[in-house]
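The values are calculated or read from the model by the stated rules, or taken from the named source; none is laboratory data. All figures in this text were calculated on a predicted structure; none of them were measured in a lab. Cβ placement follows ideal geometry from the backbone for every residue including glycine, while neighbour counts extend to all protein chains displayed.
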Amino acid sequence: MAIVSVTPRLEGRITLRDGRSLAYAEWGDPRGRPVVKFHGMPATRLQCPDADATMAAGVRLITIDRPGYGWSDPKPGRSLLGWADDYAELHTQLDLPPCPVMGWSGGGPYALACAFRLPAIVTSVGVAGSVGPITEVPGSFSEEARRLSRLLPDDPQGVLDEVVKEWQGFADDPTSLFDGWFEASDQPPSPDARLFARPDVREAMTEWARDAARQGSAGVVADAMAFMQPWGFPLAEIRCDAAVWVGDGAPADRDESDFLAAAIPGSTYVILPGEGHLAPITRWAEMLAWLH
């Protein structure tokens, strides 16, 4: 059984050229092959899907707080490509070799931005249950998010105010994030409901949410604002090997995953039977095996 952990082997921070602090954590074999994972929205560097599988794969897993999450300083108005610049600095400061990057859920677009912008240091990219471009995938996000996306060019402050208001409940009570998400009363229970019913998974996800709200809603609001805009890079120009994973029990993820798999040249598209949005928890070993 997957061991969902919130206790990394080590944690650290780097100082970026602009003076901001960027926090990271490491898991697995310190002498293993590096793999870098970008967390979901909202989550933090504490999001390790399976600590035992990471060690068994001989992987040195590096996870990073995006600006405004956990211990990383906020960066108002940040973008997907701006994150690639932050990652390039961390890659240099940690003296990493070229290595794969992986993004889960809201981390997917950031992983793809790095694959596009940093081909010399990203050897392959994988995304699981990833967010898609709101301006290009008709079924992505909610109707309210699409409405705000249309308003954003003309009223950025008004949209920001609405997004801050929307996420205030999360800032006040991070555990409210899970209200109604994984209803175990579903018959039969969804794959995610079954996983969330496990005490270790529920406790880990609760800790991810609490750490993500360490700075209130700064991180999740910045993600939401970034996702409401065009991504700023063509997926068709990603040249490294790419994999798109999606659970067949996560219908809300399918439109976006279908789009990403079709848009990234030569990508490997894996539909995981019996899995939901939380598929990396149970399929982490095979995801690590693919990343190269």
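If I go through region 14-32 residue by residue, how many of them are surrounded by fewer than 17 Cβ atoms within 10 Å (Cβ to Cβ) and assigned to a strand (DSSP E or B)?
Residues that pass the stated criteria total 2.
Go through region 30-51 residue by residue and tally those that are among the charged types (D, E, K, R), in contact with a helix residue (DSSP H, G or I) (Cβ under 9 Å, 6 or more places away or on another chain) and more than 17 Å from VAL125 (Cα to Cα). Even if it seems obvious, please write down each step before you answer.
Keep residues of region 30-51 that are among the charged types (D, E, K, R), which gives 31, 33, 37, 45, 50.
Pick out the ones that are also in contact with a helix residue (DSSP H, G or I) (Cβ under 9 Å, 6 or more places away or on another chain) and you get 37, 45, 50.
Now drop any that are not more than 17 Å from VAL125 (Cα to Cα), which leaves 45, 50.
Residues that pass the stated criteria total 2.
Any residue that is within 18 Å of LEU118 (Cβ to Cβ) and either aromatic (Phe, Trp, Tyr) or in contact with a Gly (Cβ under 7 Å, 6 or more places away or on another chain) (or both) - is there at least one of those in region 22-29?
Looking only at region 22-29, we keep the residues that are within 18 Å of LEU118 (Cβ to Cβ), and these are 22, 24.
Subsequent filtering for residues that are either aromatic (Phe, Trp, Tyr) or in contact with a Gly (Cβ under 7 Å, 6 or more places away or on another chain) (or both) retains 24.
Looking through region 22-29, at least one residue is within 18 Å of LEU118 (Cβ to Cβ) and either aromatic (Phe, Trp, Tyr) or in contact with a Gly (Cβ under 7 Å, 6 or more places away or on another chain) (or both).
Between residues in region 168-189 that are modelled with pLDDT of 65 or more and residues that are among the aliphatic types (A, V, I, L, M) and part of a loop (DSSP other than H, G, I, E, B), which pairs lie under 9 Å by C-beta distance while being six or more apart or on different chains?
Sorted first by the residue in region 168-189, then by its partner, the pairs are PHE170/ALA213; ALA171/ALA213; ASP172/ALA213; ASP173/ALA213; PRO174/ALA213; LEU177/ALA213; PRO189/ALA197.
Among the residues of region 95-103, is any farther than 27 Å from GLY266 by Cβ and either surrounded by fewer than 22 Cβ atoms within 10 Å (Cβ to Cβ) or of a type outside the set (D, E, K, R) (or both)? Break it down stepwise before answering.
Of all residues in region 95-103, those farther than 27 Å from GLY266 by Cβ come to 95.
Then drop every residue that is not either surrounded by fewer than 22 Cβ atoms within 10 Å (Cβ to Cβ) or of a type outside the set (D, E, K, R) (or both), which leaves 95.
Yes, the conditions are met somewhere in region 95-103.
Name the residue, out of PRO230, PRO251, PRO234, PRO199, that is exposed (fewer than 15 other Cβ atoms within 10 Å of the Cβ) and closer than 16 Å to ALA279 by Cβ. Steps first, please.
Numbers: PRO230 fails: closer than 16 Å to ALA279 by Cβ; PRO234 fails: closer than 16 Å to ALA279 by Cβ; PRO199 fails: closer than 16 Å to ALA279 by Cβ.
None of the others qualify; the one that does is PRO251.
Have a look at GLU237, GLU275, GLU286, GLU256 and point out the one that is within 22 Å of GLY58 (Cβ to Cβ) and either touching a Pro at 6+ places or on another chain (Cβ under 8 Å) or among the charged types (D, E, K, R) (or both).
Working: GLU237 fails: within 22 Å of GLY58 (Cβ to Cβ); GLU275 fails: within 22 Å of GLY58 (Cβ to Cβ); GLU256 fails: within 22 Å of GLY58 (Cβ to Cβ).
So the residue among GLU237, GLU275, GLU286, GLU256 that is within 22 Å of GLY58 (Cβ to Cβ) and either touching a Pro at 6+ places or on another chain (Cβ under 8 Å) or among the charged types (D, E, K, R) (or both) is GLU286.
For every residue, the table says whether it meets (1) more than 24 Å from GLY77 (Cα to Cα); (2) touching a Gly at 6+ places or on another chain (Cβ under 7 Å); (3) not charged (D, E, K, R).
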| position | (1), (2), (3) |
| --- | --- |
| ASP179 | yes, no, no |
| PRO191 | yes, yes, yes |
| ARG194 | yes, no, no |
| MET205 | yes, no, yes |
| ALA226 | no, no, yes |
| GLN229 | no, no, yes |
| GLY232 | no, no, yes |
| ALA289 | yes, no, yes |
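Tell me which residues, restricted to region 51-75, are surrounded by fewer than 24 Cβ atoms within 10 Å (Cβ to Cβ), of a type outside the set (Gly, Ala, Ser) and part of a helix (DSSP H, G or I).
ASP52, MET55
Out of all the residues in region 59-67, is one or more under 21 Å from HIS277 (Cβ atoms) and over 18 Å from the mean Cα position of the chain (by Cα)?
No: region 59-67 contains no residue that is under 21 Å from HIS277 (Cβ atoms) and over 18 Å from the mean Cα position of the chain (by Cα).
Tell me, yes or no, whether region 217-234 has at least one residue that is among the aliphatic types (A, V, I, L, M) and without any contact (Cβ under 8 Å) to a residue 60 or more places away in the chain. If you could, list the steps in order and put the result at the bottom.
First, the residues of region 217-234 that are among the aliphatic types (A, V, I, L, M): 218, 220-222, 224-226, 228.
Then keep just the ones that are without any contact (Cβ under 8 Å) to a residue 60 or more places away in the chain; that gives none.
No, there is no match, as no residue in region 217-234 is among the aliphatic types (A, V, I, L, M) and without any contact (Cβ under 8 Å) to a residue 60 or more places away in the chain.
Out of region 33-44, which residues are in a loop (DSSP other than H, G, I, E, B), in contact with a Lys or Arg (Cβ under 9 Å, 6 or more places away or on another chain) and not aliphatic (A, V, I, L, M)?
HIS39, THR44
Could you check how many residues of region 255-269 are among the polar types (S, T, N, Q) and either closer than 16 Å to ALA113 by Cβ or without any contact (Cβ under 8 Å) to a residue 40 or more places away in the chain (or both)?
Here is the first cut: in region 255-269, the residues among the polar types (S, T, N, Q) are 257, 267-268.
From what's left, either closer than 16 Å to ALA113 by Cβ or without any contact (Cβ under 8 Å) to a residue 40 or more places away in the chain (or both): 267-268.
Number satisfying all stated conditions: 2.
Residue by residue, here is whether (1) in a helix (DSSP H, G or I); (2) under 30 Å from SER21 (Cα atoms); (3) among the charged types (D, E, K, R) holds:
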residue: GLN157; (1), (2), (3): yes, yes, no
residue: ASP161; (1), (2), (3): yes, yes, yes
residue: ALA171; (1), (2), (3): yes, yes, no
residue: THR175; (1), (2), (3): yes, yes, no
residue: ARG194; (1), (2), (3): yes, no, yes
residue: MET205; (1), (2), (3): yes, yes, no
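Can you tell me which residues in region 112-145 are surrounded by fewer than 17 Cβ atoms within 10 Å (Cβ to Cβ) and within 17 Å of ASP223 (Cβ to Cβ)? Quick ask: steps written out before the conclusion?
Taking region 112-145 first, the residues surrounded by fewer than 17 Cβ atoms within 10 Å (Cβ to Cβ) are 119-120, 135-136, 138-139, 142-145.
Of everything in region 112-145, those that are surrounded by fewer than 17 Cβ atoms within 10 Å (Cβ to Cβ) and within 17 Å of ASP223 (Cβ to Cβ) turn out to be THR135, SER142, GLU144, ALA145.
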